[in-house]
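Undergrad: Take this structure, written in structure tokens, and hold onto it; I'll ask about it next.
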Amino acid sequence: MAALCPSALSQNEPARDSSSSFLGFDRNDYPGDASLAALHQTFSFSGYWLNNPPGAKSSTWSGKRAKLETAGFGFLVLFNGRLYKDLLHNAVALGQADGKAAAGSARHEGFPAHAIIFLDIEQGGRMLAEQKAYIYAWVDAVTANGFRAGVYCSGIPAPEGKISIVTADDIRQNADGRAITFFVTKDVCPPSPGCGFGKTPAAGESGIIFAEVWQFAQSPKRPDFAAECPANYNADGNCYPPGVDPALKLHVDVETAVNADPSAGR
């Protein structure tokens, strides 16, 4: 996933309006009530996990929606999806069950009907048949249960023989007309500014111009992708927001969005 050639779909579509862009963060662990005021000095919205984040056995976000809302944050509502190895038997049924669970959890956490829930897809490149079956079954189930569906996926071209595949394009091109909001990750510099907090980039500057949210920095820094980024990550390889002591280890992934409350949509 090193090549940077844009896909045909990304090249040929009109760019979204980038007049307003908003910074947000996500992390696997809830940052703690005491850190919210400092984080809100930089960020307009926060990620919010409805189930266990990737690699975690539990979630520390449950019940924290009101605290974040009171602190002034909008939301990027996330649901951790399945890896390919888990989809080899009845991917459709798993997608339906997980989509229903995502909607139920969002409702339990107090998110309003029609909020956008983003399915976290950790694997990139071209989606295999089982992955597509799972993703679209999940999207249909979320929609049928009163919410809107989004996906978090790679916006980095992945080599496939003599061509490159962008996961976001692949999912969108095979969606059969489904309404899906895209949250893409692309921490390659350029276009990413790295762990920079100067001018907020527009989501479309990711090169995936239909994306409404762009994750442009991850913690820790991924050397395979972010090697050419400015030296603005901390010495430990993580990204820390301004005004937050790195000793607190409050590292974040950083996003830009077209909306200060991305799961509310536009």
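The values are calculated or read from the model by the stated rules, or taken from the named source; none is laboratory data. What you see is a predicted model; the values in this text were computed from it and never measured. Methodologically, a virtual Cβ is constructed for each residue, glycine included, from the backbone with ideal geometry; neighbour enumeration extends over all protein chains shown. Surface accessibility is based on the protein's heavy atoms, side chains included, excluding ligands, DNA and RNA. Shrake-Rupley method; radii C 1.70, N 1.55, O 1.52, S 1.80 Å.
Undergrad: Output the residues belonging to the stretch 179-189 that are of a type in the set (A, V, I, L, M), in a loop (DSSP other than H, G, I, E, B) and open to solvent by less than 20 Å² (accessible area, probe 1.4 Å).
TA: If the condition is that a residue be of a type in the set (A, V, I, L, M), in a loop (DSSP other than H, G, I, E, B) and open to solvent by less than 20 Å² (accessible area, probe 1.4 Å), then Val188 is the only one that fits.
Undergrad: Being loosely packed, with under 13 Cβ neighbours inside 10 Å, part of a loop (DSSP other than H, G, I, E, B) and among the hydrophobic types (A, V, I, L, M, F, W, C) is the filter here; which residues of the stretch 214-266 pass it?
TA: Correct list: Ala227, Ala231, Ala235.
Undergrad: Just a yes or no: is a residue in the stretch 190-207 farther than 21 Å from Val252 by Cα, assigned to a loop (DSSP other than H, G, I, E, B) and open to solvent by 10 Å² or more (accessible area, probe 1.4 Å)?
TA: Yes, the stretch 190-207 contains a residue that is farther than 21 Å from Val252 by Cα, assigned to a loop (DSSP other than H, G, I, E, B) and open to solvent by 10 Å² or more (accessible area, probe 1.4 Å).
Undergrad: Continuing with this model, one more query. For Leu87, only one of the following conditions fails: (1) open to solvent by 40 Å² or more (accessible area, probe 1.4 Å); (2) over 19 Å from the mean Cα position of the chain (by Cα). What is its number?
TA: Only one criterion is unmet by Leu87, namely (1).
Undergrad: Could you grab the pairs with beta carbons closer than 9 Å, sequence gap of 6+ or different chains, first residue in the stretch 215-228 and without any contact (Cβ under 8 Å) to a residue 40 or more places away in the chain, second one assigned to a helix (DSSP H, G or I)?
TA: Every condition considered, the pairs that remain are Ala217/Ala226; Gln218/Phe225; Gln218/Ala226.
Undergrad: On to the next question. In the stretch 16-37, what residues are among the hydrophobic types (A, V, I, L, M, F, W, C), farther than 24 Å from Thr181 by Cα and open to solvent by 40 Å² or more (accessible area, probe 1.4 Å)?
TA: Of all residues in the stretch 16-37, those among the hydrophobic types (A, V, I, L, M, F, W, C) come to 22-23, 25, 34, 36-37.
Then keep just the ones that are farther than 24 Å from Thr181 by Cα; that gives 34, 36-37.
Residues satisfying the conditions are Ala34, Ala37.
Undergrad: Touching a helix residue (DSSP H, G or I) at 6+ places or on another chain (Cβ under 6 Å), more than 23 Å from Pro262 (Cα to Cα) and assigned to a helix (DSSP H, G or I): which single residue out of Val92, Val142 fits that description?
TA: None of the others qualify; the one that does is Val92.
Undergrad: Mind listing whichever residues of the stretch 64-83 are in a loop (DSSP other than H, G, I, E, B) and either open to solvent by 60 Å² or more (accessible area, probe 1.4 Å) or without any contact (Cβ under 8 Å) to a residue 12 or more places away in the chain (or both)?
TA: Passing the criteria: Arg82, Leu83.
Undergrad: Further question on the same structure: How many of the residues making up the stretch 99-140 are of a type in the set (D, E, K, R) and either touching a strand residue (DSSP E or B) at 6+ places or on another chain (Cβ under 9 Å) or at positive phi (or both)?
TA: Of the residues in the stretch 99-140, 5 are of a type in the set (D, E, K, R) and either touching a strand residue (DSSP E or B) at 6+ places or on another chain (Cβ under 9 Å) or at positive phi (or both).
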